[in-house]
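Taken together, the values in this text are just the output of simple stated rules run on the coordinates, not laboratory data. Fair warning: this is a prediction, and the values are worked out from it, not measured in the lab. In this analysis, Cβ positions are derived from the backbone assuming ideal geometry, glycine residues included, and neighbour counts consider all displayed protein chains.
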Amino acid sequence: MKVAIIGTGYVGLVSGACLAELGHQVTCVDVDAEKIAGLNRGVIPIYEPGLEELVKRNMGYSRLRFTTSYGEAIPEAEVVSIAVGTPSAEDGSVDMSYVKSAAEEIGKNISGYTVIATKSTVPVGTSEMITAIVKAQTDCDFDVVSNPETLREGHAVFDFLHPSRVIIGSSSPRASDVMVHLFAYLDCPKVVTDPRSAELTKYAANAFLATKISFINEIAHLCEEVGANVDAVAKGIGLDPRIGKDFLRAGLGWGGSCFPKDVLALSKLAASLDYPLPIVNAAIKTNAHTRERVVRRLEKALGSCAGRRIAVLGLAFKDNTDDTRESAAVAIIRDLHQKGAVVRAYDPVAKVTAEQVGHALHHAASPYGAAEGAEATVIATEWDEFRNLDLARLKNAMQGSVLLDGRNLLKPEEALRHGFTYIRVGRK
Ligand code: NAD
């Protein structure tokens, strides 16, 4: 099938490359001319395992193209997917300006029956909104469906090609058939429902997962108080199939480009309808507290953070990605800067700007470089590289001995054996 993807970011680029891999003819459009020029030269703008090979292979087969021109991509397409950003507006609601402008361009450029599928995470009612925008631009026949994306950064290619389900929210049987056909090669349930339910499904999934993480972090904080071990508790409850073991890792809380903005958007939506969501709101509060608590524990170990040299290992919001949006590491560094600490950081792929962390940040070339002369080291992202740190070398590089393992990656007895004052989440 001929497919156009509008927005070539984490979701759009992965979706485009994977749909091409499934045999479709895909054109990815973006307003960022530099990004498109780079892609046309084979430069992949994001770090995502397996993506580069997939993009290059499918460009080589002429099944994947990149352009800034809607006119080149849309008229021929049977399906146009919207994968532009939907960031938080200042009041926490969703900034829909990118979706609206994509819808307008789609309306101007379709040339016959087209299915417009929204992959971006969008508020309930967006399908109707896009329908109205497109209708104002064209007399062509079209349907709008909600097709929320469920991939995880760091595993995006695998997730797209092996999803647990594909959600199709449509009020048109014709459009549902087109979408089922588009994903025919994916061996998973296709959940066909109405657009509003599909739109809400995405927010409900993210809010549930975020709540699960906040819950285990609350239990972790209680473990620290009562002298229990959250890893043991998580294992004990996770083996109950009604609970499940995923998303029970205590740490620095949830971050990234999705959970924070989506959970907030859901809370705002409910509040605007005079139906506040107490569980979701509590999950947000616990998440903020989780990050503050870790800095407080560090302060307690050091006496104060002012003037202290602190190494932070990890900048990305999770492993296997260069995405630092709403990363716990970024929030912690910003907090440390405000408290007067001197921070050096290391991440295998991610970088942050001074604007993100409130101060110019030294990016070291290795964990040991970041730890040089540090009084404390904080592990903030669960990169495998940090699981396998040379603890003797790290300790040697540091001036102090405080090691705060915010992701519970290390074996406590190993850290203690190397002379660290070792602090981990959910353990006294
Ligand atoms: P992103 O910021 O990485 O990419 C968005 C892209 O859209 C950018 O390249 C931008 O230049 C482009 N763009 C903006 N306006 C445009 C327009 N009018 N026409 C063409 N291109 C335009 O965002 P992302 O992380 O890929 O997220 C996209 C959407 O998918 C969001 O709604 C997000 O919530 C949702 N989502 C993201 C993930 C994830 O893991 N990143 C997972 C599931 C869903």
Q. Rounded to the nearest 0.05, what FRET efficiency is calculated for V43 and E372 with R0 set to 35 Å and r the Cβ-Cβ distance?
A. 0.60
Q. Per residue and in cubic angstrom, what volume does the convex hull of the Cα atoms of region 2-192 have?
A. 112 Å³
Q. Which three semi-axes in whole Å describe the equivalent ellipsoid of region 1-71, each the square root of 5 times a Cα gyration tensor eigenvalue, listed largest first?
A. 15, 14, 10
(Q) Can you say what percent of the DSSP beta bridges in the chain, counting only those with both residues inside, are antiparallel? Round to 5. (A) 5 percent
**Q.** Label-point separation in nm, E104 to M1, each point 7 Å along Cα→Cβ
**A.** 2.8 nm
Q: Relative to the longest principal axis of the C-alpha atoms of the chain, give the angle of the C-alpha long axis of helix 126-135, reported between 0 and 90° and rounded to the nearest 10°.
A: 40 degrees
Q. How high is the relative contact order of region 209-424, in percent, counting Cα pairs under 8 Å that sit 6 or more residues apart?
A. 17 percent
**Q.** Sparsely packed chymotrypsin sites (Phe, Trp or Tyr not before Pro) within region 146-238, loop by DSSP, other Cβ within 10 Å at most 12
**A.** Y185
Q: Please state, rounded to one decimal and in Å, the Kirkwood hydrodynamic radius that the chain gives when every pair of distinct Cα atoms enters the mean of 1/r.
A: 23.0 Å
Q) Angle between the Cα long axis of helix 328-338 and the longest principal axis of the chain, 0 to 90 degrees, nearest 10? A) 50 degrees
Q) Using alpha carbon centroids, what distance separates region 90-128 and region 211-248, in Å? A) 39 Å
Q) Measuring from label point to label point, each 7 Å out along Cα→Cβ, what is the D246 to S272 span in nm? A) 3.0 nm
Q) How would you rank D177, D159, D246, D143, going from fewest to most other Cβ atoms within 10 Å of each one's own Cβ? A) D246, D177, D159, D143
Q.
Set the bar at 30 Å for Cα to Cα. Now go through K245/K411; K35/K100; K190/K351; K300/K351; K261/K428 and name every pair that lies beyond it.
A. K190/K351; K261/K428
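With a cap of 14 neighbouring Cβ atoms within 10 Å, and only residues DSSP puts in a loop, list the chymotrypsin sites (Phe, Trp or Tyr not before Pro) found in region 1-76. Spell out each step's value before the answer.
Numbers: sites: Y10, Y47, Y61, F66, Y70; in loops: Y47, Y61.
In loop regions of region 1-76 (DSSP not H, G, I, E or B), the sparsely surrounded chymotrypsin sites (Phe, Trp or Tyr not before Pro) are Y61.
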Q. Modelled label-to-label distance, E413 and K190, 7 Å Cα→beta-carbon offset: nm?
A. 5.4 nm
Q: At most 14 other Cβ atoms within 10 Å and a DSSP loop assignment: could you name the trypsin sites (Lys or Arg not before Pro) in region 153-197 that fit?
A: R165
Q. Considering the zone a paramagnetic label at V180 would reach in this model (a point 7 Å from Cα along the Cα-to-Cβ line), which residues of region 139-174 have amide N under 13 Å from it?
A. 168-170, 172-174
Q: Mind grabbing the base-10 log of I(q)/I(0) for region 203-263 at q = 0.14, 0.19, 0.29 Å⁻¹? Debye formula, identical points on the C-alpha positions, no solvent, two decimal places.
A: -0.40, -0.70, -1.18
Q | Extension reserve of the E385-R165 stretch, reckoned as 0.36 nm per residue once the Cα distance is removed | A | 76.0 nm
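Nearest 5 is fine: what % of DSSP beta bridges in region 2-192 come out antiparallel, could you say?
Working: 2 of 27 bridges.
For region 2-192, the DSSP antiparallel bridge percentage is about 5.
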Q: Quick one: compute the contact order of the chain, relative version, from alpha carbon pairs under 8 angstrom and 6+ residues apart, as a percent.
A: 12 percent
